[in-house]
Structures are given as structure tokens and as C-alpha cells.
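To keep things clear, I will list the structure first and then write my remarks on it.
Bear in mind that the values in this text are calculations on the coordinates, not laboratory data. Only a predicted model underlies this, so the values are computations on that prediction, with no experimental measurement involved. Cβ: placed from backbone, ideal geometry, glycine included. Neighbour counts: every protein chain shown.
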């Protein structure tokens, strides 16, 4: 999980850096065209053309690359992506989320095949609800989505195990 997160966030960071470098070169090469481009973005959001052009000029004078970063590229101003931080966070979250299902695997041998998936699905439902509440969204839909996708993932894993002769 951590390696996947690291690769994903690293790729995102590389793309953002490349986009910003390309935008910086365009700003240097053709600032008037970039001002018009920014004004067009503001117009598309409902700002009157004359005002959009004035705003674009002021934004360009203040922080041209920042304005294009936010309004053209859609990148946040909160800094660059941090792959190592994302990887560590993912690893810790994965380990924390795995503790209870791993403990459930200590159930008696005949019960393990039932206790572990049920425990995992109950925990997925709880985490889905918590995530929804934290984001201000309705819990039911989030719980259902997480439980269904979790059950699908477990089912696919069991199917692959059965097809390859691995104990599931």
C-alpha cells in the first residue's frame, strides 16, 4: 500500500512540476497571450469581459505563475505533493486498519473463514460511516459503497485463491 501511494503521489508531483515548468515558459515567452487566457477563464466563470481582463492583469502583476497554477491548471496553493509523507501515512493507516482483522484470524480454525470476513466488513462499514461523517456526507451511501467494494475485493481474492489451489 505504501509503495503504491509513493509511486502514485510521485507521479502526481512529477506531472505538477512539469505543468508548472511549461506554464512558466509560456509566461516568459508570451505574457500577453497568457493574460488573455487567464481573462478568458474568468469570463467563463461569469466575470464581465472588461473586469475579467483587469483582474487577469492584476493577478499577473501580483503572481502570474500562482494565478495560472490555481485558475488554469487547477492546482492548490498549499504546496507540492509529498510522496514520502503519503507513503508513511498509507502504511500507518493500512497497519492500523489491519489490526482487528488480523486478531480475528486468531479465532478457532473452523470459524476463521467466517470471523475474518465478517469482522472486515463490519469494520469497513464503520470506517465508511466515519469517513462520510468527517466529510459531511450521508453515512448510509458511503457505508454501502465501502462494504460492497470490500466484499467484491474479498470475493475476487477468494476466487483467485480457489482457482490457484491456495487456501482461502
(request) Using only alpha carbon pairs under 8 Å that are at least six residues apart, calculate the relative contact order of region 105-164 and give it in whole percent. (result) 27
(request) Treating the angle as unsigned and between 0 and 90°, give the value, to the nearest 10°, between the Cα long axis of helix 83-104 and the longest Cα principal axis of the chain. (result) 20
(request) On a 0 to 90° scale, report how tilted helix 31-44 is relative to the longest principal axis of the chain, with both axes built from alpha carbons and the result rounded to the nearest 10. (result) 60
(message) Taking 8 Å as the Cα distance limit and 6 or more residues as the minimum spacing, I'd like the relative contact order of the chain as a percentage.
(response) 20
(request) Would you order 68, 109, 53, 62 from fewest to most other beta-carbon atoms within 10 Å of each residue's own beta-carbon? (result) 109, 62, 53, 68
(message) On C-alpha positions alone, give me the angle between the axis of helix 2-29 and the longest principal axis of the chain, in degrees, nearest 10.
(response) 10
(message) Running a GNM on the chain with Cα contacts under 10 Å, which residue among 56, 137, 13 ends up with the highest mean-square fluctuation?
(response) 137
(request) Going by C-beta contacts inside 10 Å, put 127, 50, 82 in order with the fewest on the left. (result) 50, 82, 127
(request) Using only Cα atoms, locate the centre of region 85-133 and the centre of region 1-80, then give the distance between them in Å, rounded to an integer. (result) 40
(message) Just want the ordering: 166, 119, from fewest to most Cβ atoms lying within 10 Å of their own Cβ.
(response) 166, 119
(request) Grab the alpha carbons of the chain, take their convex hull, and tell me the volume per residue in Å³. (result) 169
